[in-house]
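Here's the structure, in structure tokens; my notes come after.
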Amino acid sequence: MNQPHTILVVEDESSIASFVALYLKNAGYIVKTVPTGSAALNQIAAGMPSMIILDLNLPDMDGIEICRRIRKSSDVPILMLTARDEDVDKIIGLEVGADDYLTKPFNPRELVARVKSVLRRAGPERRRDEMKELHHGELSINAGKREVYVGDDEIQLAPKEFDLLWELLDHRGLVLTRDQLLERVWGYTFAGDTRTVDVHVRQVRRKLGDASPIVTVWGVGYKVASERTPAPTRAV
Ligand code: CA
């Protein structure tokens, strides 16, 4: 039997926190709610939940700051709650490594659907499969063998070019900033020279040609677009 997932809800508005908790409990999850960022970090230090639902505007700490701190040590799925429907908030939410976001006010059923979807994507089996090989159109890349193919042709990438491509493909649909890529691919923990990222992206594009899935997001960073197939939830 699977253990029920534990979800940490970080939300200072008690009415929102309690209805979110109610819906998640009804969906079979174990829920803990905390009203502040510092309480959230304490809770996380005591034991990592399966997923975190994180309000962007908290009294003591910015949700983005909390997200960044968590991401330094963990890939735990994070869903951000934002108060305004502004693109900036959305991008920032994804930029700092959140898995998904919802804009208030939201339908609690939508929240439960998102939580299920995020947890499914983060599931260990799925992750293990994805760790073996990733595909995008004609492109396939194998992590174990560190091989990249476009159709039947093997493409030789330098180690960091390979890691960069993998990182972007593994987060397809999400924008990764240059700083984030530096940190994840090169292991810098502070802002390094982000031109390194641009140079490597240019090389990957040159080597892959039309098969390159990397999209520039102006003023933010890079991403790999989702494949041109309809999203599963929208499929007829
Ligand atoms: Ca709030």
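Both numbers refer to the Cα atoms of the stretch 133-224; Rg and Dmax are 12.4, 39 Å.
For the stretch 1-57, the carbon plus sulfur part of the accessible surface works out to 52%, probe radius 1.4 Å. Residue by residue, the stretch 66-76 carries 3J(HN,Hα) couplings of 4, 4, 4, 5, 5, 5, 5, 10, 8, 9, 3 Hz when phi is fed to the Karplus relation 6.51 cos²θ - 1.76 cosθ + 1.60 (θ = phi - 60°); x denotes Gly or Pro. Probing with 1.4 Å while keeping every protein chain in the model, the per residue accessible area of the stretch 6-125 equals 47 Å².
Annotation: amide H of L174 within the under-5 Å range of V224, sequence separation 5 or more or interchain, hydrogens built in the peptide plane. For the stretch 212-223, 3J(HN,Hα) computed residue by residue from phi via the Karplus equation (6.51, -1.76, 1.60; θ = phi - 60°) reads 5, x, 7, 10, 7, 10, 4, x, 10, x, 9, 8 Hz, glycine and proline entered as x. Per residue, the accessible area of the stretch 133-224 comes to 51 Å² when a 1.4 Å probe rolls over the protein heavy atoms. Take every pair of alpha-carbon atoms less than 8 Å apart whose residues are at least six positions apart; their mean separation over the length of the stretch 133-224 yields a relative contact order of 30 percent. Ranked by solvent-accessible area (1.4 Å probe, protein heavy atoms only, all chains present), the residues H135, H171 order from largest to smallest as H135, H171. The residues R71, R184, R120, sorted by heavy-atom accessible surface at 1.4 Å with ligands and nucleic acids left out, run R120, R184, R71 from largest to smallest. Think of the stretch 133-224 as having a plus end and a minus end, set by charges on the Cβ of Lys, Arg, Asp and Glu; of Y222, F162, A143, Y222 sits farthest toward the positive end of this dipole. With every protein chain in place and a 1.4 angstrom probe, the accessible-area ranking of S74, S15, largest first, reads S15, S74. By definition, a body whose alpha carbon gyration tensor gives a ≥ b ≥ c is rounded when a/c is under 1.5, and the stretch 6-125 falls into this rounded group.
Considering only Cα-Cα distances, which of the following residue pairs are longer than 27 Å: K132/K207; K32/K223; K25/K104? Don't skip to the end; give the middle numbers.
Values: K132/K207 22 Å; K32/K223 33 Å; K25/K104 20 Å.
Result: K32/K223 exceed 27 Å.
Per-residue surface analysis assigns E161 an accessible area of about 10 Å², computed on protein heavy atoms at 1.4 Å probe radius.
The values are calculated or read from the model by the stated rules, or taken from the named source; none is laboratory data. Please read all numbers here as calculations on a predicted model, not as lab measurements. Here the Cβ is made from the backbone with ideal geometry for all residues, glycine too, and neighbour counts use every protein chain on show. Ligands, DNA and RNA are stripped out before the accessible areas are found, and what is left, the full protein with its side chains, is counted by its heavy atoms. Shrake-Rupley method; radii C 1.70, N 1.55, O 1.52, S 1.80 Å.
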